[in-house]
Structure formats: structure tokens, C-alpha cells
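Novice: There's a structure below that I have some questions on.
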Amino acid sequence: MNICVVSPDYPSKKRAVFTFVLPLVEELVNSGVNCTVIAPFSITNSFIHRHVYEKKYELAITNEGNKYEIYRPNYVSFSNLKIFGFNLSTFFHRKAIERALEKIKRPDVIYAHFWNSAVGSYKYAAKYDLPLFVAAGEEFVPELELSSKKVKGFYKF
């Protein structure tokens, strides 16, 4: 089985961010699942906060010696700047996810960590009729602009 995990960020040797996603991915990989991680990287945040620039592609290895791929497509973020009610950061984040999804081997399932990752993954999942799972926890469920096509198991609030 091939699973694509889409997360707002992912830890590296240089940065300890979204560390709670790492054990999930590594457990999947160690149990024999082919896993690809997509974690968009804000070059704006890197510049402003002086974060170390991350490679766009990395082949990671678990403690048990199993390999998986990490893609970090770059995007430009503008905090909460809106133009005519349109959030630019959300738009560029979504486009970064869409670009990366088109480059990887087509997964059997997409697991999106938080709603912003699901929004970026939705069009691809719908295009290829893939299951899309969202881990949202206690996160606010946004009003999503989804196509009129019925999505199995997905409810618009």
C-alpha cells in the first residue's frame, strides 16, 4: 500500500517541528507501508525567522533502516494577508501541495494532517478517486469550497 502523508510541516535534523507526525510516518514505514511525506516549506518564514532552508527532496531512513521520501515544495506566505477576501498564503500553500502530489508516485490513500493539508490535497484526491483522510483533532472545521461532486464519507458543515 502507498500512503501519502500531507502535513503543514515535518521535522528534520535541523528543525524540530510537527514532531508528532514523525512517529506515525515511521511506524507506517516500519510496518511495510510505502510512505511519502509532503510538507510545504515557507521560504518567507525561513527568511524572516532565520530558519534553515530545507531541501525540496529528502530520502529519510527510520531507526529500523526503512526508507521513505519527504518532499518540501517551497511556497511564499503572507501571514493572514487577504486581497478581496482571498488569503494569499492559503492559495500558495495549496498550490505547493498540488505541485508535489503531481510529482510523486500516485498513492492509494492520502492522509492529511489538519484541514489546510486536506484543502490542498482535495482536488488531487477527487481527480483520481482516492480516499482522503483528515486528522483534525479539536481543530476548527472550516467552510470548504468543494465541488458539487459527492465525496464519500465527507460532510460539509
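Novice: Among 59-69, 30-40, how do they line up by average Cβ neighbours within 10 Å per residue, starting with the highest?
Specialist: The packing order, highest mean first, is 30-40, 59-69.
Novice: I've got another one for you. I'd like the accessible area for THR19: 1.4 Å probe, protein heavy atoms, all chains in place, Å² to the nearest 10.
Specialist: Accessible area, nearest 10 Å²: 80 Å².
Novice: Sticking with this structure for a sec: Too long at a 20 Å Cα-Cα cut-off: which of LYS56/LYS123; LYS95/LYS127; LYS103/LYS123; LYS105/LYS127; LYS14/LYS123; LYS67/LYS105? Spell out each step's value before the answer.
Specialist: On the way: LYS56/LYS123 22 Å; LYS95/LYS127 15 Å; LYS103/LYS123 15 Å; LYS105/LYS127 15 Å; LYS14/LYS123 32 Å; LYS67/LYS105 15 Å.
With Cα atoms farther than 20 Å apart: LYS56/LYS123; LYS14/LYS123.
The values are calculated or read from the model by the stated rules, or taken from the named source; none is laboratory data. Quick caveat: nothing in here was measured; it's all calculated off a predicted structure. All Cβ positions, glycine included, derive from the backbone under ideal geometry; neighbour counts span all protein chains shown. The protein model used for the area step is the full one, side chains on, heavy atoms only, and it has no ligands, DNA or RNA in it. Shrake-Rupley method; radii C 1.70, N 1.55, O 1.52, S 1.80 Å.
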